[in-house]
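Here is the structure we will look at.
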Amino acid sequence: MPETVTIQDKELLQPQLWVSRYADYLYSYALSRLNDEELAQDLVQETFLAALEKISNFRGESSERTWLTAILKFKVIDVYRKQSRTAGTVNEETEFFESGLHHWKKEHWPLPFGVEDQDPLHNKEFMGVLQKCMQRLPPLWLSVFRMKHLDEEGTEQICEALKLTSSNFWVIIHRAKVNLRSCLQKNWL
């Protein structure tokens, strides 16, 4: 196991420069996952504090930015956990599939979204609608969806972090996608 590199051994870290170098990046990272400006700011501050407290644990195997991002990532996951514990049960508004057949009901067949358009403004508008639709998801569903599709976490890591069974995970991710599709069809098309 590699020895822990201390600041006295190498001048690896420069905490006095963290805010100017990494605050904007870390804030964007947190905001894209939480969509809450105040919470994102708080988590960035907590990340810097946690890094200062654990500065002796930095082994120099990654860059400062990567190390700080990893700390922030765990703080975001903690928020997801808290949100999933406080979330109540949510009933789906619509039955999208034929019972037992797993086929779309005709009135709910997916329509093309039109995001293949190369116009950046068009895609920016789409992303705004997608963000609003994501905010309508129950907190647990949103956490699972973000971890899977924004953070690209594996199923096992998500289940472990949020204390879910594998089958529960797949039901949640399926329902999140169905609800997002429905919301996008109503608000985008």
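Residues that are modelled with pLDDT of 90 or more, surrounded by 15 or more Cβ atoms within 10 Å (Cβ to Cβ) and under 24 Å from the mean Cα position of the chain (by Cα): does segment 75-93 have at least one? Yes, the conditions are met somewhere in segment 75-93. Considering GLN157, GLN135, which residue is surrounded by fewer than 18 Cβ atoms within 10 Å (Cβ to Cβ) and either closer than 16 Å to LEU34 by Cβ or touching a helix residue (DSSP H, G or I) at 6+ places or on another chain (Cβ under 7 Å) (or both)? None of the others qualify; the one that does is GLN135.
Does THR47 meet the test of being within 28 Å of ARG136 (Cα to Cα) and among the β-branched types (Val, Ile, Thr)? Yes: the conditions hold for THR47.
The values are calculated or read from the model by the stated rules, or taken from the named source; none is laboratory data. Computed from a prediction, not measured in an experiment: that's the story for all the values here. Ideal geometry is used to build each Cβ from the backbone, glycine not excepted, and the neighbour counts take in all protein chains shown.
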